[in-house]
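Heads up: the structure comes next, in structure tokens.
The values are calculated or read from the model by the stated rules, or taken from the named source; none is laboratory data. Owing to the predicted nature of the structure, the values given are computational and were not obtained by experimental measurement. Positions of Cβ are generated from backbone atoms using ideal geometry, with glycine treated the same way; all protein chains shown enter the neighbour counts.
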Amino acid sequence: MAETMPCVRGILCNFRSFLYREMFLGLLVLHIVSPFYNTAAVEILRPRGVSLLHKPFYDESKPFTCLDGSATIPFDQVNDDYCDCKDGTDEPGTAACPNMMYYCSNKGFTPKTIPSSRVNDGICDCCDGTDEYSGLILCQDKCREMGAVELEQRKKQAEVINKGFQMRQTLVADGKQTRQDREAKLNALKEEKQVVETKKQKAQAAKEAAEAPEKEAVDKHKQAWDEVKAARELERQKEAGTAAFSELDLDGDGLVKLEEFQTHLEFDDDVDGEVTEDEAKTHLGDVTEVDLDRFLTETWPEIKDLYQGEKDKAKEPPAAEPTKGDPDLAPSEETPPPPPAEEEEEREEEEEEEHDDDEPDIDVDKDEPKTDEDEMPDYDEETKQLISAADQARAEYTEANKKVSDIDAQIRQLEKQLGTDFGAEAEYSSLDGQCFELETKEYKYKLCPFDKCSQSPKHGGSETTLGRWESWAGPEDNKYSAMKYTKGQNCWNGPDRSTEVRMTCGIENKLLSASEPNRCEYVFEFETPAMCSKEVPNNPEFSHEEL
Amino acid sequence: MGLFSCSTGAWGFRMGNMPRPKLLLLVVLCVLGAEAVDRSNFKTCDQSSFCKRHRNLQPGMSPYRALMDTVQMTPEGLSMKVLNTMNKVELQLHLAAVNVNTARLTIDEINPIRERFRPTDALSKEPTIAEASILAQDDNSVTLGFLQNKAVVTSDPFRIDFLVDDELAISVNSRGLMKFEQYRKRKNNDEPAEGQENEENQEGEKQEGEGEEEKPVEEEDEPGMWEETFKSHHDSKPYGPSSIGLDFSFPGVEHVYGIPEHADSFALKTTTSGEPYRLYNLDVFEYELHNPMALYGSIPVMIAHNAQRTVGLFWMNAAETWIDISSNTAGKTVFGKMLDYVKGGSEMPQTDTHWISESGVIDVFFMLGPRPAEVFSQYTDLTGKPAMPPLFAIAYHQSRWNYNDEEDVKNVDAGFDDNDIPYDVLWLDIEHTDGKRYMTWDKHKFPHPVDMQDKVAAKGRKMVVIVDPHIKRDDNYHIHKDAKDHGYYVKSKDGGDFEGWCWPGSSSYLDFINPTVRSWWASRFELGTFEGSTKNLFIWNDMNEPSVFNGPEVTMHKDAVHYGGWEHRDVHNIFGMYLPKSTYLGLMQRSNNKERPFVLSRAFFSGYQRYGAVWTGDNTAEWGHLQISIPMLLSLSVAGQSFVGADVGGFFKNPDSELLLRWYQAAAYQPFFRAHAHLDTRRREPWLFDKETMNGIREAIRARYALLPYWYTLFYQAATQGMPVMRPLWVEFPQDTSTFATEDEYMIGNALLAHPVTDAGATGVQVHLPGEGEVWYDVDTHKKYNGGATEYVPVTLTKIPVFQRGGTIVPRKERIRRASSLTNRDPYTFTIALDKQGRATGEIFVDDGHSFKYRDNNRFLHKNYLFENNKLISRTLDMNGEFETKSWVERIVIIGLPKAPTTITIDGIRDIMIDKKNLEFRYTPDTQTLVIRKPAVNVAQNWSITLQ
């Protein structure tokens, strides 16, 4: 066929002859040579672009049948730069068929399969240069050179991987140990909890036992004091009523009459500037006059809050001033002065813990300035002893209760840790609780494994959460190669920020890069020995299918 | 890529990486306007005082009269005066035949107090005056004859009628809507112009039945004549009213096209009940579909077509322009003797149009066809043939706002190779710059731009970076420093450098009206000057309307001042074109005028086709936007702008996989093929989608690559004859009236009809295959269809309905390489689709794909292929061309061959020596398809293949 090729301006003819000779005669001479083993060279002939695996299908002594069976053609139409087979298998060494693959053996390096559309396109794709044979470009065989570099690199990589693997072994051991420790601790805590729970119950019973007589004695004491207070109050009211009576009794006849009531504008219920007879009568108790006795027993209790005597009138306006008797406006006896800020949290916790305590208010009047006569007298010695005993029981109970809470908290923490998936062999366990940072031009990125990812601007500004620990997110066969952090700060008009952390094998834990390939979807690259899950040979070699 | 904006005065930055605390402030401002276009940011005709004045004119009351005693025939054509009988102002009229079957009408003031702007840079050269003579003249009319055409000027009422082969084709001022506001002194500057109410068209009413001896009636000032405020923006209008308007009617025409750019139907709609079509280059955030609002570019060209004739109109004016369109019947505007020229009588349909511009002169070209191809040729004889793009430019482009850094570029480039998807050009949007200082690089993200480009170019690919015309006001930025020091910026009305907000913040705008600025700008592209650039770097010019975030209607103030004292209002619509024009010149000079530049621009004007491609701006990932891409691209195509495309996938929002795939399939069959996306969208490189979607996208892109020889030949036809690459059906089937409003399918050249699937969940499409007696073949299955019918074609997700017309030959290169430049030596497959007579013809253009050698050194092949009488003959079409190529003929596919031949032989023709030999072949009776195996002749050769 080459003889029949047309010649145009002399060039094409030569070119095509060259091409055809290459395609028909240019069977590959393959040397099974590894630079690392000095074996003898062996030649295996087969059409260009065919892998050794497929060699048996290309028998030059027979017509060629496409691998999909779509056609059978003379063998000289294999690699003749025209596509005859639907599957392209007649042209493994030319670009004639779409979707066909070209095999280069790349001796000295790794073999490669490239789309056959890359054959004779002027770009050297195979390091052995066999993909370019049209004369468009001369490709040097760089496989040995590249192989040496590659092997050197792989060697270094292998060192890293193997060192990482060793470290990982430790991590795994540590992780397992940590897990065991945690499990053991959990069990111990659970046992301890039973003990302290019992103690707590006992303390509670003791507390209740001590509080009952205490309450009785205290109540008794208070009741007595209340009676005293009530008697004093009665006396006070009598004095005030008598004083008011004499103020009201303008004519001093021992009777307070309607017209005398009418002089007091505070009885002007409809506020029309005049106290009518009816208004006066209402307040006087539906009679026209009262004597002192009746005034004190019936009238005064009704009007005492309303009545304005000489004293009151002196300080206008009376309504704006909170009266002593007003329960809403009186400072609450239970509100202590605000504590210093630092103590606040602590106090809240204490309050929280003591929430269900039914402790009596024994120190009610602690901060209230009182006149002597308003102050409750001290408890008697017996009561004091009872209180003291109850205080101690309460303190013991509080302590027991705190112990239970502490253990509960520890159990929760341990259960959470034990429930977290730290990898197939707990190799990521040690990362829990640590944080790793990376500074870029604009931002500082932070990864706290099993907690969250964040970003803060380097030149001031608040931290943005880029996601909270969600789950492992690697592919099915390599689940522990990526982490997913979700539900970070929301993006305007967009999703919540989220981060994927891609893990690679390395000899230290290090955040390598942070990027945002999609808006508000971040990708971190993180290197850790925990990813070095396989040992590799320290002296890597290239594997060839020929070998 | 567009404005992140919401209300006038609000402006947005493109934000870099998250988090974006600063954005929050904007967010609050923008929440309400974030959904779609905020119409209130843009003027209606009523809000544009000159438009309102013209639109309120009543037909039939023209005050203008042509003065017959001033008629003069000069070597430059016919000249005469036209009198406004109301205000007695005389205007100068010129009417000349130019080039071929083209007439030019100009009407301007005589001794004006201010010169009027003429956007003559739209023209590629001064049109050649053609022979014309006065055929007849009487008291009321004069008839100019040129070739088979006549122009009849009637004095009173003033009108001009163009006749082609003695049939009335275009009437000018037949409705009497002409209005020419001469420059004038302001009557009383103390009185505010506002509030002087005046009855519209008072002049016309008063004038009725009155004689010339009447005293001039002075026009009263109307609101908005001497100053105007829109939203918070004040237009000082120091020169007062200056608008012009004229009506044109097309008797016998129901369909008019063109006047891009609008997101509207291809066949233009009547505007009687709404707003007129508006031409005013604007950056419209999230533009709406199906309305006449102005968009990024303007080509004031209208094509009128009916079964008998195609004519065109070019209103050469760069000011804000409004166009009203209405339907009519011819009888109402045709009078007297003109009636004789109207075939079909007075009930004939007619389309009336009314053109209104804010300033400038009346300067109109009439392209009289009469065939579609002739109109395109006539228009591009005036404004220039489209640039012949380099091959890579018509291949597939991968863009995104933004590819973040060199690593990202490397990975995307590798992604295409890993997935065996070809692409030619990788694009970098504004984030590649150092703080939006164009022609600089972000030193952290792109520290090694040359190395990066070299690596991309090592696979035969190119890169494109964006270069916008707003310049950051930063004295440490060399472009700003130079421009400021030399006074290269547009000035504000007060004389200082105009300042506005754009991506970099406070910016100024280079005054490309100044030729010195243009050549200075061009020199910025020298490889030694543009740091980090290589010969494989090409340029994208965006935001050149110009976009001014805080300006009126998001553009420049009309009273800003340009070189030569022109107001921005005079030059606005052509201003945007000077940026890509200067960039084009820069890329030319960079290669000593040897390499063909590639430039993409968002704003454009008539004549821009000489420089590069345009895209339809910031569209949205919605099916409606995919659908509108076809009419929008067709409107551009018939207006001379052949190299057009829409962002694949939609710029705003995220397309689902079906929409993305359908968009790729459509765009693979549109001239400019680029995927692009907004910063806030999800990444959408094809391999990020499911396998079926990715494979579908790959197949669509590969189909494009296979057809590149055909596309390239079409672009050559565009570059030489002005024929659009993407054509409405009526261009190929001018008599098939059912195609006149078609906008869901189109022709690529004369051979392929594409009907992209543009509906969600489609399982089939109704395809109209035009042409009685024609045959069509499905390009995938070779299934045969008869023309003149509408067929239901079922589709799968991967099917792209494309049909080859019987009688055509389509060249392909079926070996799909990583980039188009790697296919130079690859062989051709010719697909011959036979018509009912067993005949077919086609052509091919071949050159080096990138240089001007085809033009300057005749280094090209232009071949013709003819199949008839069972013989295929390859001939040289253009004997001037000579080009050596390694490409050969791999395969010939003949579709529609009723029976298998017995032998096939190839032989040289004439003196060409090739050995006669038999060729192998395979015939498939089901599809009547013959595949001839490996003729293996060089494509440069002339040969014949005979079937027996």
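Any chance segment B:860-870 includes a residue that's free of Cβ contacts under 8 Å to residues at least 24 places away in the same chain, within 14 Å of chain A (Cβ to nearest Cβ) and in contact with a Leu (Cβ under 9 Å, 6 or more places away or on another chain)? No, that holds for no residue.
Residue count for segment A:415-431 satisfying the condition of being buried (at least 20 other Cβ atoms within 10 Å of the Cβ) and touching a Lys or Arg at 6+ places or on another chain (Cβ under 6 Å): 2. B:Tyr396 satisfies every condition listed in (1) surrounded by fewer than 22 Cβ atoms within 10 Å (Cβ to Cβ); (2) touching a helix residue (DSSP H, G or I) at 6+ places or on another chain (Cβ under 8 Å) except (1).
Taken residue by residue, segment B:72-87 has at least one member that is part of a strand (DSSP E or B), surrounded by fewer than 17 Cβ atoms within 10 Å (Cβ to Cβ) and among the aliphatic types (A, V, I, L, M).
In segment B:344-355, is there at least one residue being among the hydrophobic types (A, V, I, L, M, F, W, C) and over 19 Å from B:Met178 (Cα atoms)? Even if it seems obvious, please write down each step before you answer.
First, pick out the residues of segment B:344-355 that are among the hydrophobic types (A, V, I, L, M, F, W, C): B:348, B:355.
Those still in the list that are over 19 Å from B:Met178 (Cα atoms) too: B:348.
Within segment B:344-355, one or more residues are among the hydrophobic types (A, V, I, L, M, F, W, C) and over 19 Å from B:Met178 (Cα atoms).
Could you go through segment A:145-166 and let me know if any residue there is more than 14 Å from every other protein chain (Cβ to nearest Cβ), in contact with a helix residue (DSSP H, G or I) (Cβ under 7 Å, 6 or more places away or on another chain), loosely packed, with under 14 Cβ neighbours inside 10 Å and not aliphatic (A, V, I, L, M). The answer is no; no qualifying residue exists.
A count restricted to segment B:643-700 and to residues that are aliphatic (A, V, I, L, M), farther than 24 Å from B:Thr713 by Cα and under 28 Å from the mean Cα position of the chain (by Cα) stands at 6. For the condition surrounded by fewer than 24 Cβ atoms within 10 Å (Cβ to Cβ), closer than 24 Å to B:Tyr828 by Cα and under 59 Å from the mean Cα position of the chain (by Cα), A:Asp68 does not qualify.
Take the residues in segment B:876-891 that are within 12 Å of chain A (Cβ to nearest Cβ) and of a type in the set (Val, Ile, Thr); name whichever of them is surrounded by the fewest Cβ atoms within 10 Å (Cβ to Cβ). Ranking the candidates gives B:Thr885 first. Checking each residue in segment B:442-491 for being within 14 Å of chain A (Cβ to nearest Cβ) and not hydrophobic (A, V, I, L, M, F, W, C) picks out B:Asp442, B:Lys443, B:His444, B:Lys445, B:Pro447, B:Asp454, B:Lys455, B:Lys459, B:Gly460, B:Arg461.
Looking across segment B:384-416, the residues that are among the small types (Gly, Ala, Ser) and on the phi < 0 side of the Ramachandran plot come down to B:Ala387, B:Ala393, B:Ala395, B:Ser399, B:Ala414, B:Gly415.
List the strands (runs of 3 or more DSSP E) inside segment B:828-918, counting only whole elements, that have at least 3 residues being in contact with a helix residue (DSSP H, G or I) (Cβ under 9 Å, 6 or more places away or on another chain). Give the derivation first.
On the way: elements: B:828-833, B:840-846, B:861-868, B:871-876, B:889-895, B:904-908.
By residue number, B:840-846.
Just one of the numbered conditions (1) of a type in the set (Ser, Thr, Tyr); (2) more than 14 Å from chain B (Cβ to nearest Cβ); (3) in contact (Cβ under 8 Å) with a residue 60 or more places away in the chain is not true of A:Thr420: (3). Against the numbered list (1) in contact (Cβ under 8 Å) with a residue 40 or more places away in the chain; (2) in a helix (DSSP H, G or I), B:Lys481 comes up short only at (1). Report yes if A:Tyr82 is more than 13 Å from chain B (Cβ to nearest Cβ) and out of contact with any His (no Cβ under 7 Å at 6 or more places or on another chain), otherwise no. When the stated conditions are applied, A:Tyr82 does not pass them.
Matching residues to (1) farther than 24 Å from B:Arg682 by Cα; (2) among the acidic types (Asp, Glu); (3) part of a strand (DSSP E or B):
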| site | (1), (2), (3) |
| --- | --- |
| A:Asp477 | yes, yes, no |
| A:Asn493 | no, no, no |
| A:Glu516 | no, yes, yes |
| A:Val536 | yes, no, no |
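The single residue among A:Glu192, A:Glu150 that is more than 33 Å from the chain's Cα centre (by Cα) and either under 11 Å from A:Pro529 (Cβ atoms) or among the acidic types (Asp, Glu) (or both) turns out to be A:Glu150. A residue that is touching a strand residue (DSSP E or B) at 6+ places or on another chain (Cβ under 7 Å), modelled with pLDDT of 95 or more and more than 15 Å from B:Ile873 (Cα to Cα) can be found somewhere in segment B:933-943. For segment B:937-948, a residue qualifies if it is more than 10 Å from chain A (Cβ to nearest Cβ), surrounded by 17 or more Cβ atoms within 10 Å (Cβ to Cβ) and in a loop (DSSP other than H, G, I, E, B), and exactly one does: B:Asn942.
Go through segment B:781-827 and report how many residues are within 14 Å of chain A (Cβ to nearest Cβ) and in a loop (DSSP other than H, G, I, E, B).
So the first thing to find is which residues in segment B:781-827 are within 14 Å of chain A (Cβ to nearest Cβ), and the list is B:812-827.
Still in the list and also in a loop (DSSP other than H, G, I, E, B): B:813-819, B:824-827.
Selection size over segment B:781-827: 11.
So is A:Lys200 touching a residue at least 40 places away in the same chain (Cβ under 8 Å), in contact with a helix residue (DSSP H, G or I) (Cβ under 6 Å, 6 or more places away or on another chain) and surrounded by 12 or more Cβ atoms within 10 Å (Cβ to Cβ) or not? Yes.
Selection of segment A:93-115 for residues being over 18 Å from A:Cys139 (Cβ atoms) and away from chain B (no Cβ under 13 Å) yields an empty set.
Please go through segment A:265-304 and give me each residue that is among the β-branched types (Val, Ile, Thr) and without any contact (Cβ under 8 Å) to a residue 12 or more places away in the chain, ordered by number. Break it down into steps so the answer makes sense when it comes.
From segment A:265-304, those among the β-branched types (Val, Ile, Thr) are A:271, A:275-276, A:282, A:287-288, A:290, A:297, A:299, A:303; that's our starting set.
Matches in segment A:265-304: A:Val271, A:Val287, A:Thr297.
With respect to (1) touching a Leu at 6+ places or on another chain (Cβ under 7 Å); (2) of a type in the set (A, V, I, L, M); (3) within 14 Å of chain A (Cβ to nearest Cβ), the lone exception for B:Ile701 is condition (1). Return the residues of segment B:919-936 that are away from chain A (no Cβ under 14 Å) and not in a loop (DSSP other than H, G, I, E, B); say none if nothing qualifies. Listed by number, the residues that qualify are B:Tyr923, B:Thr929, B:Leu930. Name the single residue, out of those in segment A:116-141 being under 51 Å from the mean Cα position of the chain (by Cα) and closer than 27 Å to A:Glu541 by Cβ, that is nearest to the other protein chains (Cβ to nearest Cβ). By that ranking, first place goes to A:Arg118. A:Ser471 meets the conditions (1) exposed (fewer than 13 other Cβ atoms within 10 Å of the Cβ); (2) not in a strand (DSSP E or B) in every case but one. The failed one is (2). The set of residues from segment A:500-522 being touching a residue at least 12 places away in the same chain (Cβ under 8 Å) and within 11 Å of chain B (Cβ to nearest Cβ) comprises A:Ser513, A:Ala514, A:Arg519, A:Cys520, A:Glu521, A:Tyr522.
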